[in-house]
Amino acid sequence: MGKGLIIYQSKYGATKKYAQWLADAAGFDIVETPKAKSRILRDYDRIVLCGGIYASGIAGLSFLRKNRQILEGKKTAVFCVGASPYDEKALKEVKEHNLKDDLKEIPLFYGRGMWDESAMSFTDRTMCRILQKAVAKKDPSTYEPWMTALMCAVGQKCDWTDKKYLEPLLQYIM
């Protein structure tokens, strides 16, 4: 087995938590995306980007895209973290939205994160409240899984992080 690197971008802590768990389980080095330099990628043959999902985009993905040529021939994966429960359809949509063109062959894994409105930035909290109001106007029997989770989390502090979400990624990357 070769040398591995985890690059992560975390806004509220859940992604950092998963990245650290992954580093401990796999024995990989770990670095935050803003501190990652392209040249260090050459020293590794396994690369995992861990990033939170914000407005359907995966944080830190631009680093992979910028360094795609260096990643050729390396075992690469993306682990994204979101507040919604695992949903195959939603994950497929996230993959199609984010991992296209030169990144479409990279596998995508998912872990459920955390929810704490009091820790959110003003902008994120405002966006979530606007979304909650829009969802509240719908018939609950028509909710998609993410809508149910959103409405249940209102005003709550939730931590759904669990090492079990890393198991498929560990099987792939090891």
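The values are calculated or read from the model by the stated rules, or taken from the named source; none is laboratory data. No experiment lies behind these values; they were computed from the predicted model shown. When we count neighbours, we look across all protein chains shown, and the Cβ atoms used for this are built from the backbone with ideal geometry, even at glycine.
Taking the conditions (1) surrounded by fewer than 18 Cβ atoms within 10 Å (Cβ to Cβ); (2) closer than 27 Å to Asp159 by Cβ; (3) not aromatic (Phe, Trp, Tyr) in turn, Asp45 satisfies each one other than (2). Within the option set Arg112, Arg125, being out of contact with any strand residue (DSSP E or B) (no Cβ under 6 Å at 6 or more places or on another chain) and modelled with pLDDT of 90 or more holds for one residue only, Arg112.
Here's the yes/no breakdown for (1) among the basic types (Lys, Arg); (2) in a helix (DSSP H, G or I); (3) in contact (Cβ under 8 Å) with a residue 60 or more places away in the chain:
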position: Lys133; (1), (2), (3): yes, yes, no
position: Lys138; (1), (2), (3): yes, no, no
position: Met147; (1), (2), (3): no, yes, no
position: Gly155; (1), (2), (3): no, no, no
position: Gln171; (1), (2), (3): no, yes, no
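Kindly indicate whether Ala14 is farther than 27 Å from Trp146 by Cα and either among the hydrophobic types (A, V, I, L, M, F, W, C) or under 10 Å from the mean Cα position of the chain (by Cα) (or both). Spelling it out, it is not the case that Ala14 is farther than 27 Å from Trp146 by Cα and either among the hydrophobic types (A, V, I, L, M, F, W, C) or under 10 Å from the mean Cα position of the chain (by Cα) (or both). For first residues located in the stretch 103-127 and β-branched (Val, Ile, Thr), partners that are modelled with pLDDT of 90 or more and lie 6+ apart or on another chain with Cβ distances below 8 Å form the pairs Ile106/Leu64; Ile106/Thr76; Ile106/Ala77; Ile106/Val78; Ile106/Leu99.
Screening the candidates Glu32, Glu93 for the property of being charged (D, E, K, R) and over 28 Å from Glu144 (Cα atoms) yields one hit, Glu32.
Residue count for the stretch 99-110 under the criterion of being over 16 Å from Thr15 (Cα atoms) and surrounded by 15 or more Cβ atoms within 10 Å (Cβ to Cβ): the result is 4. Taking residues in the stretch 70-98 that are over 18 Å from Ala14 (Cα atoms) and in contact (Cβ under 8 Å) with a residue 12 or more places away in the chain, and partners anywhere that are surrounded by fewer than 21 Cβ atoms within 10 Å (Cβ to Cβ) and of a type in the set (Gly, Ala, Ser), the pairs with Cβ atoms closer than 6 Å and at least 6 places apart or on different chains are His97/Ser56. The listed residues are Ala14, Ala55, Ala25, and the only one of them that is out of contact with any Phe, Trp or Tyr (no Cβ under 6 Å at 6 or more places or on another chain) and buried (at least 21 other Cβ atoms within 10 Å of the Cβ) turns out to be Ala14. Scanning the stretch 51-63 finds no residues that are over 20 Å from Leu108 (Cβ atoms) and free of Cβ contacts under 8 Å to residues at least 12 places away in the same chain.
From the list Lys89, Lys133, the one residue that fits, being out of contact with any Gly (no Cβ under 9 Å at 6 or more places or on another chain), modelled with pLDDT under 90, surrounded by fewer than 15 Cβ atoms within 10 Å (Cβ to Cβ) and not polar (S, T, N, Q), is Lys89. Only residues that are under 20 Å from Leu170 (Cα atoms), without any contact (Cβ under 8 Å) to a residue 40 or more places away in the chain and touching a Leu at 6+ places or on another chain (Cβ under 8 Å) were counted in the stretch 29-50, giving 4.
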